Amino acid sequence: MVDLAIIGGTGLTSLKSLEVVRKEVVHTPYGEPSSAIIHGLLGGREVAFMARHGYGHTIPPHRVNYRANLWALQSIGVTSVIAVAAVGGIRKDMIPGQVAIPNQIVDYTWSREHTFCDHKGAHVTHIDFTDPYCAELRERLLSACDASGCAYADNGTYGATQGPRLETAQEINRLESDGCDMVGMTGMPEAALARELALCYASCAVIANWAAGRGESVITAKTIDENLQVGMAHVRSMLEHVIA
Ligand code: HPA
């Protein structure tokens, strides 16, 4: 049974090195997941892969069915999830094209289905979210970064914004004064839902651009694509080391 899943974000809708074994469509009580789950072999080990924004990259961050995605993965036996996500860099060492392994989150999203604990008659549940990411999986990601020789920033607070628009320069100033080092649109409620399901969840952020007002020029789709291509190459080789 497969126990490790990779959720791919923008720039990682497929994994070239994944030897696809089969696809599985899972229906959930929370609706349809973003995509079928791909079962495959990565470095000889079985992993499950799901494209967060759908295989055609058609689902924007605020419309991703995070509950269905995580529920579907757990229903096939997954216990650990590596979430790959594009971010904008706020802190000086969050350099476009590089990778960061965040250790904290500030959530600015709204109006997303953010909990499994809201059905009628359910006990009121307050999960512990002091450390939002699974420490053990983070360590594995960091060791894999070292082993694969990829440039990365350890630690950092992920500010989760609603999107789909990028932020204003002043919003980024506010995030920075709140302690955010990077900004992305998909980190929440994904991390909290994973914790509710007791999944071991960690994030591998790929820095796609300097956050608004931090770079020299306007943020273009072309810059984002170019940086993501560089960053995702690091992620692919890093993932092979995680699996190994
Ligand atoms: N802001 C929010 N999300 C992002 C960004 C950004 O600058 N870049 C990639 N995802």
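Quick one: of the DSSP bridges fully inside the stretch 78-204, what percent are antiparallel, nearest 5?
Among the beta bridges of the stretch 78-204, antiparallel pairing accounts for roughly 10 percent.
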Would you kindly give the portion of the calculated P(r) for the stretch 158-244 that falls above 22 Å, as a percent of all Cα pairs? 37 percent
List the relative contact order of the chain as a percent without decimals, with contacts defined as Cα pairs under 8 Å and 6+ residues apart. 27 percent
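Given a Förster distance of 25 Å, report the FRET efficiency between ARG165 and PHE129 from their Cβ-Cβ distance, rounded to the nearest 0.05.
Result of the calculation: an efficiency of 0.40.
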So which lysines can LYS222 reach, going by Cα to Cα under 24 Å and dropping same-chain residues fewer than 8 places off? LYS16, LYS92
Put MET1, MET188 in order of accessible area, largest first, probe 1.4 Å, and you get MET1, MET188
Counting DSSP beta bridges with both ends in the chain, the antiparallel % (nearest 5): 35 percent
Rounded to 5, percent antiparallel among DSSP beta bridges of the stretch 1-114: 60 percent
Once the in-chain neighbours fewer than 8 apart are removed, the lysines whose Cα is under 29 Å from LYS120 read none
Specify which residue in the list VAL99, PRO29, ILE243 is farthest towards the positive end of the charge dipole of the chain, using unit charges on the beta carbon of Lys, Arg (+1) and Asp, Glu (-1), about the Cα centre. PRO29
For the stretch 110-219, compute Rg over Rh where Rg is the Cα radius of gyration and Rh is the Kirkwood radius from the inverse mean 1/r over Cα pairs. 1.01
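For the stretch 79-227, which whole percent of the accessible surface, found with a 1.4 angstrom probe, sits on carbon and sulfur atoms?
Within the stretch 79-227, the accessible surface is 52 percent carbon and sulfur.
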Please arrange ILE101, ILE219 by accessible surface area, largest first, computed with a 1.4 Å probe and ligands excluded. ILE219, ILE101
Please give the direction-averaged projected area of the C-alpha convex hull for the stretch 1-97, in square nanometres with one decimal. 7.0 nm²
Options LEU15, ALA205, TYR158, ranked by Cα towards positive dipole end of the chain, top entry (Cβ charges): LEU15
Compute the accessible area per residue over the stretch 21-62, keeping the other protein chains in place, probe 1.4 Å, unit Å². 46 Å²
Sort ILE59, ILE38 by accessible area with a 1.4 Å probe, largest first. ILE59, ILE38
Within the chain, which cysteines find no other Cys whose Cβ is under 4.7 angstrom from their own? CYS117, CYS145, CYS150, CYS180, CYS204
Let's see if you can work this out: charge +1 on each Lys and Arg Cβ, -1 on each Asp and Glu Cβ, no other charges. What is the dipole magnitude of the chain about its Cα centre, in debye to the nearest 20? 520 debye
Estimated D of the chain in µm² per second, where Rh is the Kirkwood radius over Cα pairs and Stokes-Einstein applies at 10 °C, 1.306 mPa s: 89 µm²/s
Calculate, for the stretch 96-228, the solvent-accessible area per residue in square angstrom, rolling a 1.4 angstrom probe over the heavy atoms of the protein chains. 48 Å²
Over the stretch 1-42, what percent of the accessible surface lies on carbon and sulfur atoms, probe 1.4 Å? 53 percent
When the convex hull of its Cα atoms is projected in every direction, mean area for the stretch 37-145 (nm²): 9.4 nm²
Per the 1/(1 + (r/R0)^6) rule, R0 = 45 Å and r from the Cβ atoms of GLU46 and ASN173, FRET efficiency to 0.05 is 0.50
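The values are calculated or read from the model by the stated rules, or taken from the named source; none is laboratory data. The model shown is predicted, which means the values in this text are computed figures rather than measured ones. Here Cβ is always computed from backbone atoms with ideal geometry, including for glycine, and neighbour counts include all displayed protein chains. We work out accessible area using only protein heavy atoms, side chains counted, and drop any ligands, DNA or RNA first. Shrake-Rupley method; radii C 1.70, N 1.55, O 1.52, S 1.80 Å.
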